[in-house]
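Please treat every number below as a calculation from the coordinates, not as lab data. No experiment lies behind these values; they were computed from the predicted model shown. No Cβ is skipped: glycine too gets one built from the backbone with ideal geometry, and neighbour counts run over all protein chains shown.
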Amino acid sequence: MKTIFILMDSLNRHYLNAYEYSWVNTPNIDRLAAKGVVFDNHYSGSLPCVPARREIMTGRLNFLESQWCPLQPFDETYPEELRRQSNVYSHLITDHYHYFEKKGWGYHTPFNTWEFLRGQEGDNWHPRVKDPYTPKFRGKNRRQDWVNRSIMNSEQDEDYPTPQCFKQAINFIESNHKEDNWHLHLEVFDPHEPFMCPTRYRELYNDSWADPYHFDWPSYAPVDSDLEGKEAIEHIRKCYAGTLTMTDAWLGKFLDKMDELDMWHDTAVILTTDHGYLLGDYGYWAKNYMFDYQKLVNIPMIAYIPDSPMNGNRVSGLTSTMDLMPTLLHLHGAKPSEHVHGKSFTHLFERDESHHDAVLYGYFGKDINLADGRFSYCRKPVPESIAYHYTAIPVVGGNKLQDYEECEVDRFLPQTKMPVFRIANKSHQHHNATKEHLLYNIVDDTEQAVPIHDSKLHQQYEKKLQEMLKRYQAPDWQYARVGLSSGESK
């Protein structure tokens with residue numbers, strides 16, 4: 001068996017034809033969807049970028065016990081388990097520049113080999129002592145981003161990191177398609193912001209932005225209605241669409257090469273993302289600070305398995321990011337340990353049936369959310385409550401140095417016998433949070449506009465959340481943090 005895992009960043013399902021939205025040109029994602037299985041109820045787990053990747057690597061809901069942090073020495077990762085149990089060769093290709101930062105250390109080392117492509121967002125790449133030319137702009141643009149832009153031809157695809165990643169992936173399969181028992185982990189940062197692409201991609205959507213300031217990278221903040229009106233929102237959406245279409249075009253080149261090499265008879269392909277992104281929806285830009293809407297967490301996943309009876313169809317079973325690790329192991333005949341929270345969804349390639357009864361998702365120290373396919377439930381933290389970050393790798397950056405001077409050290413976690421640091425952090429509720437916990441009917445109220453106030457139904461989901469926190473070994477303080485009772489202290 002050969003497996004290819006393709007991870008795009010901030011890929012919104014409501015911009016994809018495969019999910020019944022039609023205005024964005026994504027013929028190659030459509031092509032993979034027609035060939036494989038479309039998952040209608042796939043969810044993020046730990047958010048955002050690096051917590052999601054740690055969950056992909058380990059199959060654990062790490063947002064319950066850690067913030068954005070390096071891969072831990074006690075983490076059980078899927079490339080290492082593939083190699084240990086099934087002698088699988090794994091290769092990583094990525095332009096995800098957070099892997100180059102202190103808080104993203106170690107995510108490449110479980111692979112046999114890896115390639116880093118440079119230049120995304122604020123990647124500290126090209127050196128310039130003199131400040132680069134910076135136009136008048138709105139949003140989040142950074143000095144290093146302007147340096148990196150200054151050395152590229154913005155009208156040439158091959159100067160962008162995402163096309164470079166796909167070119168390297170094409171080289172990999174050209175060199176290795178005749179071999180067996182390998183895994184390719186291909187990550188592209190796009191369509192993550194800043195929403196940059198050659199002009200011809202934006203022109204597909206008649207982008208007529210002519211305002212006197214540059215705008216392709218919204219701030220992580222509510223839409224400023226005085227300065228960012230309908231025209232600005234439409235412009236950003238078209239920039240996103242153009243960036244997505246460029247990404248799709250290079251996915252097509254990769255799929256073309258798979259066709260040419262006749263790889264579909266013995267190669268599995270899974271394509272998904274880490275989370276969505278709000279493009280003016282609900283009055284918000286971006287992610288992280290607002291309520292975790294379904295548009296952020298109900299994410300796309302498309303998978304092809306050779307000879308699957310479900311190829312060309314859709315499945316409704318609830319799946320989650322934590323399931324990717326055990327699924328990749330299962331495809332290669334390996335097994336996860338009892339510390340893995342996820343479970344293989346390979347049975348869904350045989351028939352459409354249930355998988356999880358409910359899934360959890362959220363950010364460290366923020367709300368804990370639950371969805372079961374019919375309802376979503378948001379449990380907000382108690383004001384002034386404390387969340388504890390566990391790590392064996394102290395990194396100054398996510399925490400201040402004095403945090404480690406004041407932290408505790410002990411064998412706190414069930415999945416490891418080694419001592420770890422436990423650092424206290426204040427909890428935080430989502431932006432404009434109300435006093436009530438939030439329950440929505442996500443089938444009938446897809447925009448989550450009308451919260452449900454049925455006390456019996458709230459009690460039912462409160463109990464379900466307690467059950468799931470116990471199932472996934474949440475530390476005892478997590479219950480108290482969101483106003484629930486628990487069992488053993490951890």
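Length gained on full extension, His453 to Asp410, computed as 0.36 nm times the residue gap minus the Cα-Cα distance: 11.3 nm. Across segment 2-359, Cα-Cα pairs more than 34 Å apart make up 22 percent of the total.
Beta-bridge orientation, the chain: approximately 50 percent antiparallel, per DSSP, counting only bridges with both partners inside. Helices from the chain with mean Kyte-Doolittle at least -1.0 and a Cα length along the axis of 27 Å or more, per DSSP H: which? Span-like helices in the chain: 230-260.
For the pair segment 382-435 and segment 197-239, the centres of their Cα atoms are 37 angstrom apart. Here the spin labels are modelled as points 7 Å beyond Cα on the Cα-Cβ line, and at Asn425 and Lys178 they lie 5.0 nm apart. With a threshold of 18 Å on the Cα-Cα distance, the over-threshold entries among Lys35/Lys257; Lys167/Lys257; Lys417/Lys464; Lys366/Lys426 are Lys417/Lys464. Other residues with beta-carbon under 13 Å from the beta-carbon of Asp248 carry, at +1 per Lys or Arg and -1 per Asp or Glu, a net charge of -2. With a Förster radius of 30 Å applied to the beta-carbon distance between Arg314 and Asn441, the computed FRET efficiency rounds to 0.90. Judged by the mean number of other Cβ atoms found within 10 Å, the most tightly packed of the peptides 295-303, 98-106 leads the ranking 295-303, 98-106. Packing, taken as the mean count of other beta carbons within 10 Å per residue, orders the peptides 380-392, 258-270, 448-460, 156-168 from highest to lowest as 156-168, 380-392, 258-270, 448-460.
Projecting the Cα atoms of Val409, Thr94, Ile452 onto the charge dipole of the chain, computed from C-beta unit charges around the Cα centre, puts Val409 farthest toward the positive end. In a simple Cβ point-charge model (Lys, Arg +1; Asp, Glu -1; nothing else charged), segment 362-481 has a dipole of about 280 debye relative to its Cα centre. Given 0.36 nm per residue, what is the gain on full extension from Asn171 to Arg143 after removing their alpha carbon distance, in nm? Contour length minus Cα-Cα distance gives 6.8 nm.
Summarising the label geometry, the points placed 7 Å from Cα in the beta-carbon direction at Gln156 and His14 lie 3.8 nm from one another. Sorting 61-72, 415-426 by their mean Cβ neighbour count within 10 Å, with the most densely packed peptide first, gives 61-72, 415-426.
Straight-line reach from Lys456: which aspartates and glutamates fall under 14 Å, measuring Cα to Cα and dropping same-chain residues less than 8 apart? Those aspartates and glutamates meeting the cut-off do not exist here.
Simple point charges give the picture: +1 on the Cβ of Lys and Arg, -1 on the Cβ of Asp and Glu, and for the chain a dipole about the Cα centre of about 960 debye. Here the extension length gained between Asp256 and Thr134 equals 40.0 nm, from 0.36 nm per residue of separation less the Cα-Cα distance.
Within the set of other residues whose C-beta is less than 11 Å from the C-beta of Pro383, count the net charge using Lys and Arg as +1 and Asp and Glu as -1. Residues close to Pro383 contribute a combined charge of +3. Taking a ≥ b ≥ c as the square roots of the Cα gyration tensor eigenvalues, segment 181-233 comes out oblate, since a/c reaches at least 1.5 and a/b does not exceed b/c.
When the Cα positions of Gln72, Phe421, Tyr377 are compared along the charge dipole of the chain, Phe421 comes out farthest toward the positive end, with charges on each C-beta of Lys, Arg, Asp and Glu. Here's the list of lysines a cross-link from Lys136 could span, going by alpha-carbon distance under 28 Å and ignoring same-chain residues fewer than 8 apart: Lys230, Lys238, Lys287. A simple spin-label model places the labels of Gln460 and Ile386 3.7 nm from each other, with each point 7 Å out along Cα-to-Cβ. Listed by chain and number, the aspartates and glutamates placed with their C-alpha closer than 15 angstrom to that of Lys435 are Asp367, Glu384; residues fewer than eight positions away on the same chain are left out. Electrostatic bookkeeping for Tyr404 treats Lys and Arg as +1 and Asp and Glu as -1; over the other residues with beta carbon under 15 Å from its beta carbon, the sum is -1.
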